[in-house]
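See structure below.
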């Protein structure tokens, strides 16, 4: 039985929120931070768009995987172990990312701007120093070749097939990409603003965002572990995914706005950008 229009809209909104949440992943923030800082010197015209380019490459891979999986798996449903293993991998990674970013804030010197810490950024090597728009998009595409991203794309494919076919799977992938584009694009602009100034306001703004990312990573990891351990909590969370997702994104995005406002303010001795 095909889903109603309200059910389809809820699925699209959920995919969009998942994309927003994915875009605020500390690994994404760290990669975009590095790419933006490198391009601020190597290719200033494109520096502020590194977040957008990164998410376009990342989202394109998600959509291709969702399309391919939906075409090859008509009538296929995702096995329970895929969702369970993906949940535990996400919990472990979020815990590590939260602790690493919290440590970065505590270890930063008084005059330092806190930079987000990722787990995959150190694997990129020279790929983290590309000054061509297509190269930045390719870095984003490489970041999509991970278990958590592939498993999400596979779930989009399975849900899309059940909802009406490959077009639905691609639509969910597109909604995910748009959410990620918003988050990563905002991050690229925010980092560009921090680079344009190196005063006390920028240092405070970087700490606001780093603490928000660390805190939310640890909270989401704790909630995910509690849901797996406590069936009652899992039952309580049924149907509340959108509300919880919007609450999480609201906290992170508010931190972004506070950081951007702080980075955009000019004290009496602040250097002039540009």
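Every read-out reported here was derived from the displayed coordinates using simple, explicitly stated rules and does not represent laboratory data. Note that the structure is predicted; figures quoted are calculated from it, not measured. Cβ placement follows ideal geometry from the backbone for every residue including glycine, while neighbour counts extend to all protein chains displayed.
Of the peptides 46-54, 88-96, the ranking by mean beta-carbon count within 10 Å, highest at the top, reads 46-54, 88-96. Ordering of 107-114, 178-185 by packing is 178-185, 107-114, highest average first (other Cβ atoms within 10 Å, averaged per residue). With R₀ set to 41 Å, the beta-carbon distance separating residue 230 from residue 129 gives a calculated FRET efficiency near 0.35. In a fully extended conformation the segment linking residue 88 and residue 9 would gain 25.6 nm over its present Cα-Cα distance, using 0.36 nm per residue. Maximal additional length on extending the residue 110-residue 178 stretch stands at 20.8 nm, based on 0.36 nm per residue less the C-alpha distance. If you plug the beta carbon distance of residue 99 and residue 41 into 1/(1 + (r/R0)^6) with R0 = 30 Å, you get a FRET efficiency near 0.45.
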